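Inspection log for the structure reproduced underneath, given as structure tokens.
FYI, it's all coordinate maths here, none of it is from the lab. If you're wondering where the values come from, they're calculated on a predicted model, not measured in any experiment. Note that each Cβ is placed from the backbone with ideal geometry, even for glycine, and that neighbours are counted across all protein chains shown.
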Amino acid sequence: MFYTNSYLEQCLEGPFSLFRDLPDKEKEYLLQDHSCTSLRKGEMIFHEGGRPAGIYCLASGKVKVYKQGIGGREQIIRMVRPQGLIGFAAFITGTTYSASAVVIEDAGICRFDREPFMKLIRRNPDLAMKLMRMMAVELSFSNKRTVSLTQKHIRGRLAESLLVLRDTYGVENDGRTIRAYVSREDLACFSNMTTSNAIRTLSMFATEAVIALDGKKICIVDSAKLEKISQLG
């Protein structure tokens, strides 16, 4: 299939795309009502409490999904990788968004309107099964993170967050540097701790030669030790 927009090609043909194995005819049907746009770091995709007009696919860049807590403090629920769907729970259930989504690295976003997408799910049981599997994996991850963020100590929480970032975005060519340059504040919000605690714990990990720091770049020097810290909590 020929795509006039590189974002569409990424969303529909990328290695992690939910739509990759769809027949061309069904991809064309999905594309009859869509839009694609470029967003800069800090721009909102949707706000908590809003109503979904469609389902979003991240073509490139990075996005965080977060809830606003007491006193305006953020709790990051998940980080989205390219070809990931954003806001799919509210989209499927027809409810308002339970969280907000914002770009943390310049991104390309595609939005597919509700009717074509829902009709496609009804017509294609394989696609419906993939969506169910994706939601089940997300629910399992959320349950695990809830326990981790409430029961693990600071070191265990931060170690787990670094491993999640590595597994979500991969590593650079050196095989160790996480391919995600998140701010210390975002890393703290993802780990349910204050920014000062995140900075202090990162420095301790660096002193112990578990990681190496270069600005926002984080290199996992000893993955076995980091995994052990995460497991011990």
- [ ] For the pairs K41/K130; K41/K152; K64/K228; K64/K217, note any where the Cα-Cα span goes beyond 21 Å.
- [x] K41/K130; K41/K152; K64/K228
TODO: On a 0 to 90° scale, report how tilted helix 195-207 is relative to the longest principal axis of the chain, with both axes built from alpha carbons and the result rounded to the nearest 10.
DONE: 70 degrees
- [ ] Report the extension gain between M204 and T37 in nm, rounded to one decimal, defined as 0.36 nm multiplied by the number of residues separating them, less their alpha carbon distance.
- [x] 56.0 nm
Task: Built amide H within the under 5 Å cut-off of V221, gap 5+ - done: I211, A212
Open item on the list: How tilted is helix 223-232 with respect to the longest principal axis of the chain? Cα atoms for both, answer in degrees (0 to 90, nearest 10).
Closed with: 90 degrees
Task: the stretch 6-148, relative contact order in percent, only Cα pairs under 8 angstrom and at least six apart counted - done: 32 percent
Open item on the list: Quick check: the angle from helix 114-123's long axis to the longest principal axis of the chain, C-alpha only, nearest 10 degrees?
Closed with: 80 degrees
Task: Net length gained if the chain between D24 and D126 were fully extended (0.36 nm per residue, minus Cα distance) - done: 35.2 nm
TODO: With no solvent and one equal point scatterer per Cα, compute the Debye intensity ratio I(q)/I(0) for the chain at 0.08, 0.11, 0.15 Å⁻¹ and report its log10, rounded to two decimals.
DONE: -0.32, -0.60, -1.04
- [ ] With a cut-off of at most 15 other beta carbons within 10 Å, and DSSP calling the residue loop, which GluC sites (Glu not before Pro) in the stretch 160-203 qualify? Please list them.
- [x] E172
Open item on the list: Over 22 Å apart: what share of the alpha carbon pairs of the stretch 152-232 falls there, rounded to a whole percent?
Closed with: 10 percent
Task: Length gained when the stretch V137-S183 is fully extended (0.36 nm per residue, less Cα-Cα span) - done: 13.9 nm
TODO: Using a 10 angstrom cutoff on alpha carbons, build the Gaussian network for the chain and name the most mobile of K25, K62, K41.
DONE: K25
- [ ] Mind telling me which of V210, V221, V137 comes out most flexible in a GNM of the chain, alpha-carbon contacts under 10 Å?
- [x] V137
Task: Cβ charges +1 (Lys, Arg) and -1 (Asp, Glu), total dipole of the stretch 55-113, debye - done: 180 debye
Task: Approximate spin-label separation E115-E172, in nm, with each point projected 7 Å along Cα-to-Cβ - done: 4.8 nm
